[in-house]
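Asker: Dropping the structure in here first, questions after.
The values are calculated or read from the model by the stated rules, or taken from the named source; none is laboratory data. The structure presented is a predicted model; accordingly, all values stated were derived computationally and were not measured. Here the Cβ positions follow ideal geometry from the backbone for every residue, glycine too, while neighbour counts run over all protein chains shown. Keep in mind that these areas ignore ligands, DNA and RNA; they rest on the heavy atoms of the full protein, side chains included. Shrake-Rupley method; radii C 1.70, N 1.55, O 1.52, S 1.80 Å.
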Amino acid sequence: MRIHYHHFVGPLIREINKKIDGPDLSSLKQLDGRSPVNKSLYGIFLSSATKFLGLRRGGKRMGDYRFISESGYGPQRSGAGTITRVRLENFMCHSSLQIELGEWVNFITGQNGSGKSAILTALCIAFGCRAKGTQRAATLKDFIKTGCSYAMVEVELKNRGEDAFKPEIFGDSIIIERRITESTSTTVLKDHQGKRVASRKQELLELIDHFNIDVENPCVIMSQDKSREFLHSGNDKDKFKFFFKATLLQQVNDLLQSIYNHLNKGDALVLELEATIKPTEKELSELQRKIRNMEHVEEITQDLQRLKKKLAWSWVYDVDRQLKEQTLKIEKLKDRIPRCQAKIDSRHSILESLRDCFMKKKAEIAVMVEKTSEVRRRKDELQQSISLATKEKLELEGELVRNTSYMQKMVNRVKGLEQQVHDIQEQHVRNTQAEESEIEAKLKELQCEIDAANITLSRMKEEDSALSEKLSKEKNEIRRISDE
């Protein structure tokens, strides 16, 4: 449904102009050329103004307020960033609301408390404004309708033409969806098909910056409280604040202050870097000095190469000189060859006689070697005999020790027997005749044993003398062989 409202827009603007005692609001038409979003928000600003003036007009009814849109106002255009649709769920007083906006001026009218300002607040929230910035709530969860668990604001922007924002990703339209719960708040950017593209706040800030949307600027969005405050204020200071903020001078001032702070930080960083770069500069100068030294070393290396070449040529010259000297010596030696040959011939006859003498001596040496072999063989035999004699000597010495021990035992036994005989003789006097004869028999036996022992002792003494004599002979023979 198309409603022509040209007949009351002009008087409305003039009436508002009289109220705020400022420039003609027809210049506000120029405002909507600064940013494509302002084309729709400008109509909402007029809605707040008409509500303040008590102006009401007929139009399409939506609940208990009216929405008037004129899409045929002015030429058709494809400006990117124009708001085409707003949808609210459980937001403030709205349970479910969807508004299709025209391309130019849009008016929203209605009774107090019907939710006109809620639409303006929803736009601010969708474009990233904080809850306190809307002057309607302290936190985002306060925008949730009573008795509901969440609130949702969805704003659709046109994205066509040269100013389109990433058309290859989003397509012909961009949907901004902000969902608010008791504990969290999320913002999602969707393409023209409703598919999720991005959910980071940086993407939303990039979109807002691309379309130059500043929801805190009163010339872009003027809330009901701000318009009432501005229209009733006669203070020049407040008007200047409005002017300062509306003309973006506040933003420029904040930007300059931020730049000044960044410059101060940059100066401090430069000073810090200069302080940290001094050791590097010192190291650099040291490296440069080393480079110069290396260059000097390179020059020295080149000089060394030249000197090596000169040395090589000097060796060549020296060798050539030595060759010449040796050639002269060779010529002199060639002259001495005949004399040397004569001496060689004379020495050759002497050599022959010496060779004959050598052969004779060699034959004598062979005979001596044979004799030496015979002597060595005899020496080995004698050495073997000495070994056998030594072994036999050791055996005889052992036997001598045993015989001596045995002789000592026999002597001890003879002494014992003699003692027994003496004892028996003493006892003989006391014993009877029978016992005497028995004792005599025992004495005879003991005498026989003593005689046998004496004989054995004599024989062993003879054997000892023979062994001693034989040992002496063997020692003399060994001494003689050693002397030979």
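Asker: Which of the numbered conditions does residue 392 fail, given that it passes all the others? Conditions: (1) under 17 Å from residue 456 (Cα atoms); (2) surrounded by 14 or more Cβ atoms within 10 Å (Cβ to Cβ).
Answerer: All conditions pass for residue 392, except number (1).
Asker: Quick one: residue 247 ticks every box in (1) over 60 Å from the mean Cα position of the chain (by Cα); (2) exposed (fewer than 15 other Cβ atoms within 10 Å of the Cβ) bar one, so which box is it?
Answerer: With (1) over 60 Å from the mean Cα position of the chain (by Cα); (2) exposed (fewer than 15 other Cβ atoms within 10 Å of the Cβ) applied to residue 247, the lone miss is (1).
Asker: Taking residue 191 as the residue in question, decide whether it is surrounded by 11 or more Cβ atoms within 10 Å (Cβ to Cβ), of a type outside the set (Lys, Arg) and closer than 30 Å to residue 110 by Cα.
Answerer: Judged against the criteria, residue 191 is not a match.
Asker: Taking into account only those residues within segment 475-484 that are open to solvent by 60 Å² or more (accessible area, probe 1.4 Å) and in a helix (DSSP H, G or I), which is farthest from residue 406 (Cα to Cα)?
Answerer: Top of the filtered list is 483.
Asker: For segment 437-466, what are the residues that are open to solvent by less than 90 Å² (accessible area, probe 1.4 Å), closer than 21 Å to residue 424 by Cα, among the charged types (D, E, K, R) and touching a residue at least 12 places away in the same chain (Cβ under 8 Å)?
Answerer: 449
Asker: Of all residues in segment 161-196, count the ones that are in a loop (DSSP other than H, G, I, E, B), farther than 18 Å from residue 211 by Cβ and charged (D, E, K, R).
Answerer: 2
Asker: May I pose another question? Taking the stated definitions as given, is residue 208 open to solvent by less than 90 Å² (accessible area, probe 1.4 Å) and part of a loop (DSSP other than H, G, I, E, B)?
Answerer: Spelling it out, it is not the case that residue 208 is open to solvent by less than 90 Å² (accessible area, probe 1.4 Å) and part of a loop (DSSP other than H, G, I, E, B).
Asker: Across segment 76-99, which residue is modelled with the highest pLDDT among those that are under 14 Å from residue 121 (Cα atoms), out of contact with any Cys (no Cβ under 9 Å at 6 or more places or on another chain) and open to solvent by 30 Å² or more (accessible area, probe 1.4 Å)?
Answerer: Ranking the qualifying residues of segment 76-99, first place goes to 87.
Asker: Quick one: residue 126 ticks every box in (1) open to solvent by less than 50 Å² (accessible area, probe 1.4 Å); (2) in contact with a Gly (Cβ under 8 Å, 6 or more places away or on another chain) except a single one, so which number is it?
Answerer: All conditions are met except number (2).
Asker: Could you please find all residues in segment 331-347 being of a type outside the set (A, V, I, L, M, F, W, C) and open to solvent by less than 100 Å² (accessible area, probe 1.4 Å)?
Answerer: Within segment 331-347, 331, 338, 341, 345, 346 meet the criteria.
Asker: Also, I was wondering about something else. Only one of (1) farther than 30 Å from residue 215 by Cβ; (2) open to solvent by 80 Å² or more (accessible area, probe 1.4 Å) fails for residue 297. Which number is that?
Answerer: (2)
Asker: Give, as residue ranges, the strands (runs of 3 or more DSSP E) completely inside segment 77-132 that count at least 2 residues that are farther than 21 Å from residue 179 by Cα.
Answerer: In segment 77-132, the matching strands (runs of 3 or more DSSP E) lie at 106-110.
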